[in-house]
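A.B. asks: Encoded as structure tokens, here's the structure I'll be asking about.
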Ligand code: HEC
């Protein structure tokens, strides 16, 4: 290896290290559950929109998404939109604002961030894991902490649905964990108080919500994917035509 390649390799190693370190910080070293959004699953995104409006829009705005765009994309009739999804006196052409502004800032010490682009900023797996990682922690002002966003000032707003979980103690073998009841194999938590949903229903609730947030971060995505497919089909058709045209041209030459 000459000197230049050595230096290049050294820089590459440093850069990789820096990137890895950054990633670890954002996730506080926690293994994220992997979640791939179901783009184009309209029913799920509709349920997610309902979940979001009921449980999140009180504190979080989505300033890049307008109610009427949402209704059009997710095929929600205007009367249903107005009755079930709009809690403020907004007009259908307005962006999604916070239902209880200012108050939340004083209560939680931090302004709840706008979530329009959250799915692109943090990624769907991060949000999915975040909503499943609130746990009881008496040392925190709200009595709750989150393994993905350590020291989060957001309360566990979905506790009625999920129930309360605490960090699982490290058990030697899986069999002891089983006896504790609510503890899943491989989960870092155990459920100590049941919620109104079963763990499976809660996972679906969170999945729907993240599907909606993923739609919100890129409202044109489903349309773009289907357009991309059409373009590819068109190009393929063109290829076939060109092939026959070429044969036609060269027929007399051979
Ligand atoms: C009572 C107010 C409140 C409600 C309701 C609420 N949040 Fe939050 N949320 C916050 C606050 C405050 C923060 C900032 C936490 C911090 O950085 O310490 C936050 C942070 C977040 C973050 C992390 C932002 C980031 O990238 O750092 C996500 C994701 C999030 N909330 C999603 C949701 C979802 C989804 C719902 C509905 C199920 C919801 N929140 C309901 C107050 C709220």
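Rule-based calculations on the coordinates, nothing more; no lab input. Please read all numbers here as calculations on a predicted model, not as lab measurements. Methodologically, a virtual Cβ is constructed for each residue, glycine included, from the backbone with ideal geometry; neighbour enumeration extends over all protein chains shown.
A.B. asks: Suppose R0 equals 22 Å. What FRET efficiency, 1/(1 + (r/R0)^6) with r the Cβ-Cβ distance, do residue 221 and residue 187 give to the nearest 0.05?
C.D. replies: It comes out at approximately 0.10.
A.B. asks: Suppose the chain between residue 200 and residue 84 were pulled fully straight at 0.36 nm per residue; how much longer would it get relative to their current alpha carbon spacing?
C.D. replies: Numbers: separation 116, 0.36 × 116 = 41.76 nm, distance 2.50 nm.
Length difference between fully extended and current span is 39.3 nm.
A.B. asks: Report the full-extension gain for the segment residue 150 to residue 41: residue separation times 0.36 nm, less the Cα-Cα distance, to one decimal in nm. Working shown, then result.
C.D. replies: On the way: separation 109, 0.36 × 109 = 39.24 nm, distance 3.20 nm.
Stretched fully, the residue 150-residue 41 segment lengthens by 36.0 nm.
A.B. asks: Now, a different point. Pop the C-beta distance of residue 72 and residue 238 into the FRET formula with R0 = 35 Å and round what comes out to the nearest 0.05. Numbers along the way, then the final one.
C.D. replies: Details: r = 32 Å, r/R0 = 0.92.
Efficiency computed from Cβ-Cβ geometry: 0.60.
A.B. asks: Still on this structure: Within a 10 angstrom radius of the beta carbon, how do 115, 42 rank from fewest other beta carbons to most?
C.D. replies: Fewest-to-most ranking of 115, 42: 42, 115.
A.B. asks: While we're on this one: Arranged by the count of other C-beta atoms within 10 angstrom, fewest first, what order do 76, 136, 225 take?
C.D. replies: Details: 76 21, 136 17, 225 11.
Ascending Cβ contact count within 10 Å gives the list 225, 136, 76.
A.B. asks: Also, I was wondering about something else. Based only on other Cβ atoms within 10 Å, what is the fewest-to-most ordering of 209, 36, 147?
C.D. replies: On the way: 209 24, 36 12, 147 21.
Ascending number of Cβ neighbours within 10 Å: 36, 147, 209.
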